[in-house]
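Structure first, commentary second.
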Amino acid sequence: HFSTTPSAQREIQSVIVVGAGLMGAGIAQVAAQAQLNVTMVDLSPDQLQKGRDIIAASVRRVAKKKFPDDEGKQSEYVDRTWSFIETGTKAEAVVAGADLVVEAIVENIDTKQKLFMSLDAAAPKHTIFTSNTSSLPIAEIAKVTSEDRQARFAGLHFFNPVPAMKLVEIVKTDKVDTETYQSLVDVTNRIGKTSVACKDTPGFIVNRLLVPYMMESLRIVERGEASLEDIDVAMKLGAGFPMGPIELSDFVGLDTLKSIVEGWAREGKVEPAFVKPVKQLTDLVAKGHFGRKTGKGFYEYVGPNGARVG
Ligand code: 3HC
């Protein structure tokens, strides 16, 4: 008889974050701030350095906010956060000590499946696998792992900027067991975020609503009904959004937005009107103008991730 009471559940203490981009670095940071042992993994020392730079800037900001008038406490907080972060270039080599894996690598099904297949062979039985994907079905990624692992394989979807956004979507495939789900709820709380549960459906909750809204704002421009700026002002002042939909598209990344919509079109599970392409979006992405991160999207920025200039 195996107990399925909560006592069978292990507390998550050590986390491997695979991918040191904006999302991976943010996830590693918030986990370390919550004093979980984190190993951030990426393919090269260069990519890891970029991740460290993202964390360094953001953790300083968090420390300043936490201890506004005490520089000593600020640097103590920064140092303590770093003391919980290690880095590496081979996930398989460090997964033996992990309770949780959070994958935040490129949005490519083959690359993700390859990673999880090799991690499945190297990881302890109890290790929970999660993906931060925003455009691929979790079950599709998970299916290359063993049946046992699929019961411990869920979506863990964070939002940009990770240190500031308080939500995490926990995506449950049909195979995820109760202990795994509960462990993910607990670790999300520990990180200081609120979780919501969602089935493994296109866009989960947030993107399913946000992406059609962003796309329709671009169609308003395409039809010549309002300007970019007026749409943003309208939604900020008329609906209380912190950013208008066009600014938000640049912020999320036009390449990301386009690939989510194309993924949905391929799957054929959402309303066809929601996935109708927008020419200006296609053209900008083709030119490498991905939004804020490249210094140009619908608007222009001082440089990659810089302030807006036009
Ligand atoms: N690191 C640490 N803290 C940060 C941060 C960062 N990178 N970015 C913002 N913050 C904190 C600030 O310290 C500040 O905290 P406070 O209000 O407690 O003092 C707070 O966030 C607000 O920041 P600012 O005052 O500097 O700037 P704004 O008020 O303009 O807010 C914003 C910036 C939080 C980005 C806000 O504009 C916003 O919420 N925008 C919408 C973001 C959004 O919708 N994200 C989700 C996109 S969808 C997604 O990610 C899913 C994916 O799958 C596509």
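Gyration tensor over the Cα atoms of region 204-300: the corresponding equivalent ellipsoid has semi-axes (square roots of 5 times the eigenvalues, largest first) of 19, 16, 13 Å.
The trypsin sites (Lys or Arg not before Pro) of region 64-126 that meet both conditions, a loop assignment by DSSP and at most 11 other Cβ atoms within 10 Å of the site Cβ, are K90, K125. Ratio of Rg to Rh for region 46-92: 1.08 [Cα atoms; Kirkwood radius as inverse mean 1/r over pairs].
From the Kirkwood radius over Cα pairs of region 18-110, Stokes-Einstein at 25 °C and 0.890 mPa s returns a whole-number translational diffusion coefficient of 180 µm²/s. Is the shape of region 71-222 rounded, prolate or oblate, going by the alpha carbon gyration tensor and its root eigenvalues a ≥ b ≥ c, with a/c under 1.5 for rounded and a/b larger than b/c for prolate? Note, shape of region 71-222 comes out oblate.
Among the trypsin sites (Lys or Arg not before Pro) in region 170-232, those located in a DSSP loop and surrounded by at most 11 other Cβ atoms within 10 Å of their own Cβ are R223.
Listed by chain and number, the aspartates and glutamates whose C-alpha is less than 19 Å from the C-alpha of K64, apart from same-chain residues fewer than 8 away, are D53, E76, D79. Working note: Karplus 6.51/-1.76/1.60 with θ = phi - 60° gives region 218-235 the couplings 5, 6, 4, 5, 4, 7, x, 8, 7, 7, 3, 4, 5, 5, 5, 4, 4, 6 Hz, where Gly and Pro are set to x. Each Lys or Arg adds one and each Asp or Glu takes one away; over the other residues whose Cβ falls under 11 Å from the Cβ of I231, this sums to -4. Restricting region 203-307 to GluC sites (Glu not before Pro) that sit in a DSSP loop and have at most 10 other Cβ atoms within 10 Å of their own Cβ leaves E225. How would you classify the chain from its alpha-carbon gyration tensor, with a ≥ b ≥ c the square roots of the eigenvalues: rounded for a/c under 1.5, else prolate if a/b is greater than b/c, otherwise oblate? Oblate, since a/c reaches 1.5 and b/c is not below a/b. Beta bridges assigned by DSSP with both partners in region 6-199 are antiparallel in approximately 10 percent of cases. With bins 5 Å wide beginning at 0, the percent of Cα pairs of region 145-289 falling in each bin runs 2, 9, 16, 18, 18, 15, 11, 7, 4, 2, 0.
Give the cross-link partners of K236 among the aspartates and glutamates, using a straight C-alpha distance below 12 Å as the criterion and excluding same-chain residues fewer than 8 apart. Excluding near neighbours in sequence, the set is E247.
Each stretch of four or more DSSP H residues adds -39500 (n - 2.57); spread over every residue of the chain, this sum gives -14500 deg cm²/dmol at 222 nm.
Every read-out reported here was derived from the displayed coordinates using simple, explicitly stated rules and does not represent laboratory data. Because the structure is a prediction, the values reported are computed rather than measured. Virtual Cβ from ideal backbone geometry, glycine too; neighbours counted across all protein chains shown.
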